[in-house]
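Data first, discussion second: the structure below is written as structure tokens.
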Amino acid sequence: MPPPGEARVLDAGCGTGLVGLTLQTAGYTEIDGVDLSASMAKKAAETGAYRSVVGGFDLTSQPPGEMLDAFDLVTVGGVFTTGHVPPET
């Protein structure tokens, strides 16, 4: 895996951006976030930790082709829980 300053990171289910802030503190600078909730994605964008944040992104669907192989690291925090994204995703 590339070092923090070079790694392209996807924060899948970024919520309010807490994981993005933690990644930024650890030296990651190329962080993109996606979340199903547009209002949560807006909060994540307001942290300033992300290059881009997209709301309305359903993790149970196939990602767009341009996202495949676009990231060195994908992080998912607090997403695979009861009432959120099912484990089979």
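Which residues, counting only those in segment 50-81, are on the phi < 0 side of the Ramachandran plot and among the small types (Gly, Ala, Ser)? If you could, list the steps in order and put the result at the bottom.
From segment 50-81, those on the phi < 0 side of the Ramachandran plot are 50-55, 57-68, 70-77, 79-81; that's our starting set.
Those that are on the phi < 0 side of the Ramachandran plot and among the small types (Gly, Ala, Ser): SER52, GLY55, SER61, GLY65, ALA70, GLY77.
Considering only segment 59-71, how many residues are assigned to a helix (DSSP H, G or I) and surrounded by 12 or more Cβ atoms within 10 Å (Cβ to Cβ)?
Of the residues in segment 59-71, 1 are assigned to a helix (DSSP H, G or I) and surrounded by 12 or more Cβ atoms within 10 Å (Cβ to Cβ).
For segment 72-82, which positions are open to solvent by 50 Å² or more (accessible area, probe 1.4 Å) and either in contact (Cβ under 8 Å) with a residue 40 or more places away in the chain or not in a loop (DSSP other than H, G, I, E, B) (or both)? Write out each step before concluding.
Step one: of segment 72-82, the residues open to solvent by 50 Å² or more (accessible area, probe 1.4 Å) are 72, 74, 76, 78, 80-82.
Within segment 72-82, ASP72, VAL74, VAL76, GLY78 qualify.
Is it the case that VAL85 is in a loop (DSSP other than H, G, I, E, B) and at pLDDT below 95?
Working: in a loop (DSSP other than H, G, I, E, B): yes; at pLDDT below 95: yes.
Yes, satisfied.
The values are calculated or read from the model by the stated rules, or taken from the named source; none is laboratory data. Here the structure is a predicted model, which is why all the values come from computation and not from measurement. In this analysis, Cβ positions are derived from the backbone assuming ideal geometry, glycine residues included, and neighbour counts consider all displayed protein chains. To get the accessible areas, we keep the full protein, side chains included, count just its heavy atoms, and leave off ligands, DNA and RNA. Shrake-Rupley method; radii C 1.70, N 1.55, O 1.52, S 1.80 Å.
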